[in-house]
Amino acid sequence: MQTDSTELTLLHNRLTSICREMGVAMMKTAYSPVFNEGFDFVCSLFDREGRMIAQAEYNPSMLGAAIYTVEWMLNEIGVKCFRAGDVWVHNDPYRGGCHLPEHMLLKPVFQKDELFGFAATIGHIAEIGGKAVGALAGDATEIYQEGLRLPPVKLMDRGEHVMDIWKILMTNHRTPKLTWGDLHAMLGSLHIGEARLIELLEARGLSRTLDETKELMQRAEAWMRREIEAIPDGEYRFEDWMENDGITDEPHRIQVAVSVRGGEIIADFTGTDPQTRGPINATYAVTAAATYNAVFHLTDPQVPRNAGCYRPIKIIAPPGTMVNVQHPAPEIGGNSETHCRIIGVVMGALVQAVPERAAAADGATGCNFLFGGIQPDTGEFYANYHFENVGWGAAANHDGNDAQCAPLAISRNVPVEVFETRYPILVRSLRLLTDSGGAGLFRGGLGTERILEIRAPEMTVSALFDRMRIPPWGLQGGSTGGTTSISIRRASDSEFRLFTDVFHTVSPSKFSNIIVRHGDLIRIVSSGGGGYGDPFHRPAGKVLDDVLDRYVSAQQARNLYGVVLHESEGTLSFDEAPSRRTASDRSAASVNLKT
Amino acid sequence: MGEWADRGLASDYFQQQNVHCSACGKMIPRRAWVVMRDGKELLFCEPDCERIYDEYCVPRYGATIRWR
């Protein structure tokens, strides 16, 4: 029997609301900035067969991967092993996980004695041991250097801490207090999810709710199939490159053939390069999550996000390649760097089918900067995982967003005040970077420049960046976006230089365990988004606005947009350059604006 | 037509290599959808991957076992 649509919508909204509340609880109680400021977590609900019935709008890289992580855990453990009050933890990339820092906690939800399903969270634990502070070692060559790996093990047993497991965790992580606090924030989030689900089940009944969630999934699947049917059938190919793996200075190719066949999409990554020696390999779950992410960007955002909407999207990822890493290859950058590139190649393929819906490439790197050491004031170890925001690609009807987390996540930028309060670092400057957005009819979003001053006697830093050489691509005649960089000015030096020059690292963008000292400055530049459409078609008035806002320099306005600016008595005006006058779509020739 | 059977290596902690779906490449934790073709055993993570194998993989790559 079909349930009334209004009734189903109410149920969907209530389940989603439970997931949101789980996230708020975690955000308000976690210890690490990566949680409470960065939102690097996800909350979702599953039925007793391991099908996702709802999720909230947190980190999409984890949302897509949670399907596989939960599936693996239920398969390995067996549903019958779960008891009320149990919580299991799991972060193994080779068991359906994303990358090592992402810990999944899973709690069964019973009504009376009958299992309804599970509340699940995945959260990025900021410090998990391994060779580099903050785990993201840009030069790791095997997973054992990347941190503590946990297969599915019980963290709570019928409501009681399994202290043997907690002791192992706290002993192997450099910042045990943060681990304790963050895992308890996740436990609190699961408790909220469990309590709200039980309230729901008591009101609606378990059997009815299971039936209705099944119908919700069927409707989501049908809706997503209709969305895909609107994309012209065909096979669309695209490729992009990771510029190095931190071990050898060579690029590595990611290739996809996206086949649209009626209401189904097959993303086939056959032809992608073999898994690399360095840590840029993605797990199958990461590749799948990135593919879902790209398709969701191109389809109706109102499609209910449950297992149903994922079903029409199939992913083929050959084992042993960069998109389906096998033991014991390292994988820590697969979910921060390669993930972004996978979203980009799927988007780049589908732009050929639906150019009006797609966007140019975003900055596509986490600009992961890890640092740690001993707090001068307290003598305690500190560690932080910092990611920088990037410019997003311009689309067919709007400029790209500025300084936003790459689309693998929705993470917020950690405020400067939090940074300076918690760590011996002074943020000397943080600004949007002029000219970093790709030129176009619609301009790419801007990246940023951040300069950090070290205020401790010494600090250990690591980096895992990409897009330092191969810029984000533009579309339909739009220009490429700006590239990233990380450089250092020693206290005794007068200019910023690359880490390859100062510390002789193999890669300028991927390295670990570099010791910096008091007074050193570190400059982080994040990438901008690609532009969309011919820059000469951008209305000259908008180019003038961009110059006034310092998004675009006068030089780039002239060279890339063909708009020449004149300043006279505090007023800036423009004239179109001779070359622009030949463009078919010219804008009004004279506008004066007060500077 | 296939059947469900235990083929994955989820609980074997001495073995680090996983078993993969013959169509999509996904690791199989424990239960696999097992299909016999011309005397060869194909493992899938779900029955729908058998369909993908027949409709997409075989026409493109031939009826070969590309990975285990």
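The values are calculated or read from the model by the stated rules, or taken from the named source; none is laboratory data. Quick caveat, the model's predicted, so the values are computed rather than measured. For neighbour counting, all protein chains shown are included, and Cβ atoms are generated from backbone atoms with ideal geometry for every residue, glycine included.
Observations on the structure shown:
- Breaking point among (1) at pLDDT 95 or above; (2) more than 14 Å from chain B (Cβ to nearest Cβ), for A:Glu142: (2)
- Number of positions in the range A:492-527 that are closer than 21 Å to A:Tyr385 by Cβ, crowded, with 17+ Cβ neighbours inside 10 Å and more than 28 Å from the chain's Cα centre (by Cα): 1
- Extreme residue, surrounded by the fewest Cβ atoms within 10 Å (Cβ to Cβ), among residues of the range A:156-179 that are in contact (Cβ under 8 Å) with a residue 40 or more places away in the chain and part of a helix (DSSP H, G or I): A:Lys177
- Test: residue in the range A:241-249 that is assigned to a loop (DSSP other than H, G, I, E, B), crowded, with 17+ Cβ neighbours inside 10 Å and among the polar types (S, T, N, Q): yes
- Scanning the range A:364-417 for residues that are assigned to a strand (DSSP E or B), of a type in the set (A, V, I, L, M) and modelled with pLDDT of 90 or more gives A:Leu370, A:Ala383, A:Val390, A:Ala395.
- Residue that is among the polar types (S, T, N, Q), under 17 Å from A:Leu183 (Cα atoms) and either in contact with a strand residue (DSSP E or B) (Cβ under 6 Å, 6 or more places away or on another chain) or surrounded by fewer than 24 Cβ atoms within 10 Å (Cβ to Cβ) (or both), where the choices are A:Ser44, A:Ser32: A:Ser44
- Qualifying residue in the range A:312-333 (condition: assigned to a helix (DSSP H, G or I), buried (at least 24 other Cβ atoms within 10 Å of the Cβ) and more than 14 Å from every other protein chain (Cβ to nearest Cβ)): no
- Summed over the range B:16-68, residues that are within 15 Å of B:Asp6 (Cα to Cα), touching a residue at least 40 places away in the same chain (Cβ under 8 Å), facing chain A (nearest Cβ under 9 Å) and in contact with a Phe, Trp or Tyr (Cβ under 9 Å, 6 or more places away or on another chain) total 1.
- All of A:Val79, A:Val34, A:Val24 fail the test of being within 14 Å of chain B (Cβ to nearest Cβ) and of a type in the set (A, V, I, L, M), apart from A:Val79.
- Of all residue pairs spaced 6 or more apart or on separate chains, those with beta-carbon atoms under 7 Å, a first member in the range A:458-476 that is within 30 Å of A:Arg538 (Cβ to Cβ) and part of a strand (DSSP E or B) and a second member that is at pLDDT 95 or above and not acidic (Asp, Glu) are A:Leu475/A:Ala360; A:Leu475/A:Gly530; A:Leu475/A:Tyr532.
- A:Thr272 vs. criteria of a type outside the set (Phe, Trp, Tyr), within 12 Å of chain B (Cβ to nearest Cβ), buried (at least 22 other Cβ atoms within 10 Å of the Cβ) and outside any loop (DSSP other than H, G, I, E, B): no
- Contact map, the range A:73-95: first residue touching a residue at least 40 places away in the same chain (Cβ under 8 Å), second residue buried (at least 22 other Cβ atoms within 10 Å of the Cβ) and part of a helix (DSSP H, G or I), Cβ cut-off under 6 Å, separation 6 or more or different chains; pairs are A:His90/A:Met73; A:Arg95/A:Trp72.
- So A:Ser44, is it in contact (Cβ under 8 Å) with a residue 12 or more places away in the chain, closer than 30 Å to A:Glu142 by Cα and more than 14 Å from chain B (Cβ to nearest Cβ): no
- Filtered residues of the range B:19-64 (kept if under 21 Å from A:Val286 (Cβ atoms) and assigned to a strand (DSSP E or B)): B:His20, B:Met27
- Of all residues in the range A:256-266 being surrounded by 19 or more Cβ atoms within 10 Å (Cβ to Cβ) and more than 10 Å from chain B (Cβ to nearest Cβ), the one that is farthest from A:Val295 (Cα to Cα): A:Val256
- Any hit, the range A:423-446, residues being farther than 28 Å from A:Ala132 by Cα, of a type in the set (D, E, K, R) and surrounded by fewer than 22 Cβ atoms within 10 Å (Cβ to Cβ): yes
- Per-region count, the range A:343-363, residues of a type outside the set (Asp, Glu), more than 23 Å from A:Tyr284 (Cβ to Cβ) and not in a strand (DSSP E or B): 10
To keep it simple, each residue is scored yes or no on (1) in a helix (DSSP H, G or I); (2) not small (Gly, Ala, Ser).
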{"residue": "A:Glu127", "(1), (2)": "no, yes"}
{"residue": "A:Val133", "(1), (2)": "no, yes"}
{"residue": "A:Leu136", "(1), (2)": "no, yes"}
{"residue": "A:Gly147", "(1), (2)": "no, no"}
{"residue": "A:Leu183", "(1), (2)": "yes, yes"}
{"residue": "A:Ile192", "(1), (2)": "yes, yes"}
{"residue": "A:Arg196", "(1), (2)": "yes, yes"}
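- Residue in the range A:334-347 that is surrounded by fewer than 24 Cβ atoms within 10 Å (Cβ to Cβ) and of a type outside the set (S, T, N, Q) present: no
- No other residue among A:Leu430, A:Leu452 is more than 30 Å from A:Val563 (Cα to Cα), outside any helix (DSSP H, G or I) and either at pLDDT 95 or above or in contact with a His (Cβ under 7 Å, 6 or more places away or on another chain) (or both) apart from A:Leu452.
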